[in-house]
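J.: Before we start, here is the structure in question, set down as structure tokens.
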Amino acid sequence: MGANTETSKDAQKLCLSLIGPFGLTAGDGSRIAISSKRGQALLALLAASDNHDRSRSWLQSILWCDRSAEQAKASLRKELSNLKKLVNAHGVEALKADTTRIWLEPEAIEWDFHGPKSGAKQDFLEGLDIPGEDAFEDWLREYRAHLRSPSPRTAQDAEGDTEMVDAARHAPALAAAIAVLPLRLEPAQPDLQFAVLGVGEEIINRLARLKWLPVIARGSSFSLGDTIIDPRAAGAALGARYIVEGSVRAFGSSYRLHASLTDAEDGKSLWSDTVNLDNLGDPQAIAFPLNGVAAALDHTIDKNEQMRAMAKRGDNLDVMELVWKAKYHMIRLTADDISEAQNLLDAAAELAPNSSEVLIEQAWLNIRRLWLKRGSDDEVRAARKAAQKAIFADPDDARGHMIAGIAEFWLHQPLRAEGLLRRAIELNPSLVMAHAQLGSALHHKGDRAEAIEALETAKRLSPNDADLFFAEGELAMAHLAEGNLETAIEHAEASLSRRAAYWAAHIAKINALVGLERLQEARTASDELYAVHPGFSPEYVNWLPYVDVSRNDALRAGLNRAARPND
């Protein structure tokens, strides 16, 4: 009887065909028609995952990447409902879901692939195309390559394998890519394993939004397993210079994620941090902490790549090495450094004139140059055009929208600026400068409470960001306008401690001291401003794009009160 029962169960199993054109058949051999391309893709995404499950948020970002979060959530819900009616109507419940995840039951369905296959005659999901869904197309391309190539070494293979580690030490330079290894749950709790895998997926999704940094697909990086592995061995197996690993531990009623970043070429630890996660299964609860993790990784790798490029001598530099050197000089914000950055980006543009990365850095250089010298409206319009060109090259790169938003802000177009900056944050919630620029735009528009919130968000996302002086200075100006004079002075001093030449922070401090009738301190602060900017004039304040121009008048009046008779 047992054998007959087992045969009956096998006969009921669905068969999912993914090598070649998509196909799904019931246990009796009848075809189950899945006409929706996204429905076909959803089943393939589940089947191809290690545990045949995916988080709802990940599926939304892959299959509805151009829609708002609410629209994507509704679209997934509708697609899942239709799929369940088709897939689960044949005696077995193969497709299941809860509030956070969707999965296939292995006992109820079988498929025609089992990991990498060399020399496959047909492609995985042959002929399937979803126009406009670049995230899915990227995943499909990477997974097809994964199936054609030998399987990477697993963590168990690599553990204790001194030959592999030694080979990693002497291997050629790895690509400037990042891989996120599956997070370890300590101690192990089977009922939370899916949620912890989802946290790792969310980190990968956020890193992919940076655009400038190639991210190894989850299917490849998670194939190494969650056993501890030497990062150099992982880098060699995955072809990635940067390896992220970490663990999740219960801490009271919440959890703590400890993550670290290692340079896989030399094994050097570059960054580590611990963040609190209130609820592993709630995407909203983990969103901001993981945005901060992505921002910190962005900042750390950006700095490391600049240092690598600056250490390289000679004229034989590739496009990205030229870009990294240019970024090193841009951060320094001196006329000489801006000029050198321009030369380097010109050289990069000769090698790759249509590179979106080169176009974005050229546009960003224009903004920094104009910020230094307070450019004319015509120059700002030219900068806006450069930003629009960058957006056209890659409309999903948040940086192009941010740069265009800054230009619109300087052209006294606050609504356009706000829309572009909010779009930049939507595309990449980890983009620290977009939050800071949104806060600045809101402050100059008069929405000071929301401005302060956006600026504080920028600070929390990346406390060590190279441009944090800007957020601190804008916070000083916003609190000054709100009448929080002591707080304005604190933020101004924090800004000037990071960049002594930031004149907006000087202006905020001087005006706050004048408002407190501490005129002698205000005059000393004024002396400090003129020491770093000998050519400074109160008329500089006219360049600040306040919607209410009485703010410009008030700032100039404060500067004049603090000025010494001979200024």
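The values are calculated or read from the model by the stated rules, or taken from the named source; none is laboratory data. Since we're looking at a predicted model, the values are computed, not measured. Counting neighbours? That spans all protein chains shown, and the Cβs are built from the backbone with ideal geometry, glycine included.
J.: Mind checking whether some residue in region 295-306 is of a type in the set (Asp, Glu) and loosely packed, with under 14 Cβ neighbours inside 10 Å?
T.: For region 295-306, residues of a type in the set (Asp, Glu) and loosely packed, with under 14 Cβ neighbours inside 10 Å: absent.
J.: State whether the residues of region 493-507 include one that is modelled with pLDDT under 95 and within 19 Å of Asp548 (Cα to Cα).
T.: yes
J.: Mind checking which residues of region 28-82 are closer than 23 Å to Ser220 by Cα and among the charged types (D, E, K, R)?
T.: Scanning region 28-82 gives Arg38, Asp50, Asp53, Arg54, Arg56.
J.: Then there is this: Residue under question is Arg256, and the condition is that it be without any contact (Cβ under 8 Å) to a residue 40 or more places away in the chain, out of contact with any helix residue (DSSP H, G or I) (no Cβ under 6 Å at 6 or more places or on another chain) and closer than 22 Å to Ala294 by Cβ; does it hold?
T.: yes
J.: If we scan region 224-232, do we find a residue that is in contact with a Gly (Cβ under 7 Å, 6 or more places away or on another chain) and not aromatic (Phe, Trp, Tyr)?
T.: yes
J.: Still on this structure, I have one more. If you check every pair at least six apart or on different chains, which have Cβ atoms under 6 Å apart with a residue in region 273-285 that is without any contact (Cβ under 8 Å) to a residue 60 or more places away in the chain first and a residue that is loosely packed, with under 13 Cβ neighbours inside 10 Å and among the polar types (S, T, N, Q) second?
T.: Asn276/Ser254; Asp278/Ser254
J.: Do we have any residue at all in region 50-71 that's at pLDDT 75 or above, surrounded by fewer than 18 Cβ atoms within 10 Å (Cβ to Cβ) and more than 30 Å from Ile228 (Cα to Cα)?
T.: Yes, region 50-71 has at least one match.
Table: residues versus (1) in the same structural domain as Leu185 (by TED's automatic domain parsing); (2) over 17 Å from the mean Cα position of the chain (by Cα); (3) part of a strand (DSSP E or B).
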position	(1), (2), (3)
Glu265	yes, yes, no
Asn276	yes, yes, yes
Gly281	yes, yes, no
Ile301	no, no, no
Arg308	no, yes, no
Ala326	no, yes, no
His329	no, yes, no
Ile338	no, yes, no
Gln342	no, yes, no
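J.: For the condition surrounded by fewer than 19 Cβ atoms within 10 Å (Cβ to Cβ), closer than 29 Å to Arg518 by Cα and not charged (D, E, K, R), what is the one hit in Ala501, Ala471?
T.: Residue meeting the stated conditions: Ala501.
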